[in-house]
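The values are calculated or read from the model by the stated rules, or taken from the named source; none is laboratory data. Keep in mind that what you see is a predicted model, and the values were worked out from it rather than measured. All Cβ positions, glycine included, derive from the backbone under ideal geometry; neighbour counts span all protein chains shown.
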2 protein chains.
Amino acid sequence: MAKVLPKRSEDYSLWYNELVKKADLAENSAVRGCMIIKPYGFSIWEKMQRELDDMFKETGHQNAYFPLFIPKSYLSKEADHVEGFAKECAVVTHYRLKNDENGKGIVVDPDAKLEEELIVRPTSETIIWNTYRNWVQSYRDLPLLVNQWANVVRWEMRTRLFLRTAEFLWQEGHTAHATKQEAIKETEQMINVYADFAEEFMALPVIKGLKSESERFAGALETYCIEGLMQDGKALQAGTSHFLGQNFAKAFDVKFATKEGKQEYVWGTSWGVSTRLMGALVMAHSDDEGLVLPPRLAPIQVVIVPIYKTEEDQQKIAEVAEKLKKSLKLKRISVKFDDRDTHKPGFKFAEWELKGVPLRIAIGPRDLENGTVELARRDTKEKQTVNIEGIESVIEDTLELIQQNIYKKAKDYRTANTYKVDTYEEFKTQLEKTGGFISAHWDGTAETEEKIKEETKATIRCIPLDAKEETGKCIYSGKPSNKRVLFAKAY
Amino acid sequence: MAKVLPKRSEDYSLWYNELVKKADLAENSAVRGCMIIKPYGFSIWEKMQRELDDMFKETGHQNAYFPLFIPKSYLSKEADHVEGFAKECAVVTHYRLKNDENGKGIVVDPDAKLEEELIVRPTSETIIWNTYRNWVQSYRDLPLLVNQWANVVRWEMRTRLFLRTAEFLWQEGHTAHATKQEAIKETEQMINVYADFAEEFMALPVIKGLKSESERFAGALETYCIEGLMQDGKALQAGTSHFLGQNFAKAFDVKFATKEGKQEYVWGTSWGVSTRLMGALVMAHSDDEGLVLPPRLAPIQVVIVPIYKTEEDQQKIAEVAEKLKKSLKLKRISVKFDDRDTHKPGFKFAEWELKGVPLRIAIGPRDLENGTVELARRDTKEKQTVNIEGIESVIEDTLELIQQNIYKKAKDYRTANTYKVDTYEEFKTQLEKTGGFISAHWDGTAETEEKIKEETKATIRCIPLDAKEETGKCIYSGKPSNKRVLFAKAY
Ligand SMILES: [Zn+2]
Ligand SMILES: [Zn+2]
């Protein structure tokens, strides 16, 4: 297996695309903008799903399923929402095909035109709030804490595997509450869940913050987000949680009777993460040799590669490997014994490196004699010879060390690439020279935000939740500002 | 909570519809033919998914994800397939909406017409085999053992919750093999997996068999199926597994190099079960009071209802209940303690009966004194007073008994409702009088099958895999036949 990836330093974008394809994560399909998530990539996504789903259930949510299609008129019911989502979307206009009368294969049957077009959901607020109207009568029916795992479609013109695709997989939580306070608490709880997941499982440090008004979800009063920093100095939004106020309740007439018998509109939230997380995972940690996966999300945590010349050695090594595999399985460590006789050890080393397996064990004839194995870490590339006796706990501990090390490395990178600037000149220079997060004062207006975006391509990633009060002047307008916000170029 | 369901004996169809809605399993959406799967219903589906997914993985399969959309031309590539699927389907013709120039809301943008229409997948053979062409070069790449959990759309005109909906959820396995024998073995393995799942988890006895040629999957050489019998004497196809031969490999040019270096077409299978299983689960076991769920698929296996008059008793009972809940959780038994003070015990009893919770525990003041609880079985409605000391293993055993009893009841029902007939008169009389499975000789021709269907609405459900060789005469044509097949009216 020859070197297969371009270097990050030469062409980060090409490196990413090639890595996603060559590590068997995903590929483009014959349908423009729609990707195929390959088994290896999907098994990482499944691990993410399982962990997130557990976290949602621990916080009281239940899964449900709502229709793929949304009647066109629904999109118009919430005034801001329609501006945000009724644009690039897949429109179903007919419900039948027929054989062409001139023998030219199959054609759309013009007689089977829908009275009202259906939109393939770009997000499900409208169809869900239309349903909630019937689910909520009194305060006893609240809160509704519902999540859905689903595919959604947004007809993006420029697509990239995982990061921006016409169809993607996600989860969307949609909750309804009796009070404003409770809905805000839910919105904040879920951004915290996402941040915990990103940091603890993806090993991705994230900044929690609020979006500026112009970056808010269409129909939300407030959008919370988590933002990570990729290795090329660009930011990536990894999850959002929206406080919807009573906007959708009013648009779909969802009221409830309070304890006192008054009719009031319900308060809502929605929140989601998507297969975009796969892109973040790849870009945050991987290197020029391939993927670097955090052990908690790696489908294969340990790979065992046998090195032998004689059949006798092959057999003896296989015995040792199978025994080790079993004892690791008892510790819930997932192990692959790569006993293919069609490939050489060097090829296998490169392949598992490309696929980001956190720990590699090599066993050769000398190891057999000495009762040892060679243990190699994917993250640091360190190798050590370890006694096979008691190796299980060494492996367990090393996997934990790798998880922590990957996180620390990403966090150190972020710290080193977060810059405070106080003038627009500094801002532009820093952005050009290093990228990264740029912390600066902003006057709070959409006009300034828009101008900065036009002139530099940097956007306000968020107003960090932990931003300190600090008097300052907007780098662009010089007007007064009381806290810094984070700018960056972003995916 | 008053009696809410019509009796099965009065209107089985209405009973089913009302039960599905009132037990919070599913409801119709605003989009014709598309259902909403409610949280309680979805939690049952999730249990099914988890068990099936484990079984697929144990048999070596991996999950992946393929696009929702299929280019129209793909459907035409396999000659039989197009006849079966290119009919009632959702057709995406445009990819943008815009504001109406006359201010009439949003309209489809005529400039955003797709060059080739996209079909919302009714099943994914075509897009997947188009992908497999690039995944398979040599025998080393085989077998491909891939499964996908997805939504699919078939524009059915007459829909019923779970049983026939325009959009439904399912899994579709798609495998590729080097030899015919291996593909047939896979097809058979998967129908056995489905049968095991139906019998062991759904407590639904099923007949394994082959479909007649006219009932085969469009594009398959052989379709295996499992068929269950519902309480109204109608059959329900609960899963299918198709041997595709080289049909799709030829249609999409999927070849591989054999060990000897020859180019050969790959052999294929596909297999699936869907949310239809939810309908089968409801119809096979439930009664006039509501759902009867097999414990292995019940989201709540035990419900505890407190009965008290004083606050002191309420508190003491809560302590006992919480303790019991904890000790049952250690045994992985899911328990709900229904401590709502907004509803009376009688209301709660009826509600959990409606929702099919297998075991109900009631705790009252006298139980506190005696160290007992009242244990009520949902399936037999038997009640007994049981010491709370050591009750965990009583509950564990009783859940297992319920699982077995529900299965036995369904199997006895099927046995009692399977009839051997030897003349067409008998056939028609039996079908009219009792319904059920009717075992009869058939001459093997599509003409006879079609005539019988037209005249009686009964179809050949399958040629059972365990059918014995037996000389006989076709009930319709009198021509010779060497085995009996199973007829029934079906969902
Ligand atoms: Zn942000
Ligand atoms: Zn059958």
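In contact with a helix residue (DSSP H, G or I) (Cβ under 9 Å, 6 or more places away or on another chain), closer than 15 Å to A:S212 by Cα and more than 16 Å from ligand 1 (Cβ to nearest atom), is that true of A:E450? Full working, then the answer.
Values: in contact with a helix residue (DSSP H, G or I) (Cβ under 9 Å, 6 or more places away or on another chain): yes; closer than 15 Å to A:S212 by Cα: yes; more than 16 Å from ligand 1 (Cβ to nearest atom): yes.
Taking the combined requirement at face value, the residue satisfies it.
Limited to region B:1-22, what total is found for residues that are out of contact with any Phe, Trp or Tyr (no Cβ under 7 Å at 6 or more places or on another chain) and buried (at least 22 other Cβ atoms within 10 Å of the Cβ)?
Going through region B:1-22 one residue at a time, the tally reaches 3.
Which of the residues spanning region B:435-472 are farther than 28 Å from B:I184 by Cβ, touching a Leu at 6+ places or on another chain (Cβ under 7 Å) and crowded, with 19+ Cβ neighbours inside 10 Å?
Scanning region B:435-472 gives B:G436, B:I438, B:A458.
With the condition being within 16 Å of ligand 2 (Cβ to nearest atom), I'd like the strands (runs of 3 or more DSSP E) fully within region B:218-287 carrying at least 1 qualifying residues.
Hits in region B:218-287: B:222-229, B:235-245, B:267-274.
Identify, please: which residue in region B:57-107 is among the acidic types (D, E) and under 23 Å from the mean Cα position of the chain (by Cα) and is, among those, farthest from B:L221 (Cα to Cα)? Reasoning before the result, please.
Within region B:57-107, the subset among the acidic types (D, E) is B:58, B:78, B:80, B:83, B:88, B:100-101.
Of the ones still in play, those that are also under 23 Å from the mean Cα position of the chain (by Cα) are B:58, B:88.
On the way: B:E58: 26, B:E88: 23 Å.
Taking the candidates together, the pick is B:E58.
Tell me which helices (runs of 4 or more DSSP H) are completely within region A:375-491 and hold 3 or more residues being away from ligand 2 (no atom under 16 Å from the Cβ) and under 27 Å from the mean Cα position of the chain (by Cα), or say none if there are none.
Details: elements: A:391-416, A:424-433, A:446-456.
Where helices (runs of 4 or more DSSP H) fall fully within region A:375-491 and carry at least 3 residues being away from ligand 2 (no atom under 16 Å from the Cβ) and under 27 Å from the mean Cα position of the chain (by Cα), they are A:391-416, A:446-456.
So how many residues does region A:433-447 have that are within 16 Å of ligand 1 (Cβ to nearest atom) and not aliphatic (A, V, I, L, M)?
5
Residue by residue through region A:188-213, note down the ones that are within 13 Å of ligand 1 (Cβ to nearest atom) and among the small types (G, A, S).
Matches in region A:188-213: A:A195, A:A198, A:G209, A:S212.
Give me the pairs, please: first residue somewhere in region A:332-353 and assigned to a strand (DSSP E or B), second residue anywhere and charged (D, E, K, R), beta-carbon distance under 6 Å, and either six or more positions apart or on two chains.
A:V335/A:K325; A:F337/A:K325
Can you list the helices (runs of 4 or more DSSP H) found entirely within region A:16-103 that contain at least 1 residues being in contact with a strand residue (DSSP E or B) (Cβ under 8 Å, 6 or more places away or on another chain) and more than 10 Å from chain B (Cβ to nearest Cβ)? Spell out how you get there, then give the answer.
Numbers: elements: A:39-58, A:72-75, A:79-85.
By residue number, A:39-58.
Return the pair list, or none, for Cβ contacts closer than 8 Å from residues in region B:213-229 that are farther than 23 Å from B:K185 by Cβ and within 14 Å of chain A (Cβ to nearest Cβ) to residues that are part of a helix (DSSP H, G or I) and within 16 Å of ligand 1 (Cβ to nearest atom), at least 6 apart or on different chains.
none
Looking at B:T126, B:T131, which is the one that is buried (at least 20 other Cβ atoms within 10 Å of the Cβ), in contact with a strand residue (DSSP E or B) (Cβ under 9 Å, 6 or more places away or on another chain), part of a helix (DSSP H, G or I) and more than 7 Å from chain A (Cβ to nearest Cβ)?
Numbers: B:T131 fails: more than 7 Å from chain A (Cβ to nearest Cβ).
Criteria check complete, one pass: B:T126.
Looking at region A:13-40 only, could you name the residues that are farther than 18 Å from A:L281 by Cβ and basic (K, R)?
Matches in region A:13-40: A:R32 only.
Counting only residues that are within 24 Å of A:A166 (Cα to Cα), among the hydroxyl-bearing types (S, T, Y) and modelled with pLDDT of 95 or more, how many does region A:52-91 have?
Count: 1.
Out of the residues in region A:204-217 that are among the basic types (K, R) and in a loop (DSSP other than H, G, I, E, B), which is modelled with the highest pLDDT? Working first, answer last.
Step one: filter region A:204-217 for residues among the basic types (K, R), giving A:208, A:211, A:216.
Retained after the next criterion (residues that are in a loop (DSSP other than H, G, I, E, B)): A:211, A:216.
Numbers: A:K211: 98, A:R216: 94.
Once the filter is applied, the top-ranked residue is A:K211.
Of all residues in region A:456-491, which are of a type in the set (A, V, I, L, M, F, W, C) and either more than 14 Å from A:C225 (Cα to Cα) or more than 10 Å from ligand 1 (Cβ to nearest atom) (or both)? Can you show your working first?
Quick first cut of region A:456-491, residues of a type in the set (A, V, I, L, M, F, W, C) only: A:458, A:460, A:462-463, A:465, A:467, A:474-475, A:485-488, A:490.
A:A458, A:A467, A:C474, A:I475, A:F487, A:A488 - these are the residues of region A:456-491 that are of a type in the set (A, V, I, L, M, F, W, C) and either more than 14 Å from A:C225 (Cα to Cα) or more than 10 Å from ligand 1 (Cβ to nearest atom) (or both).
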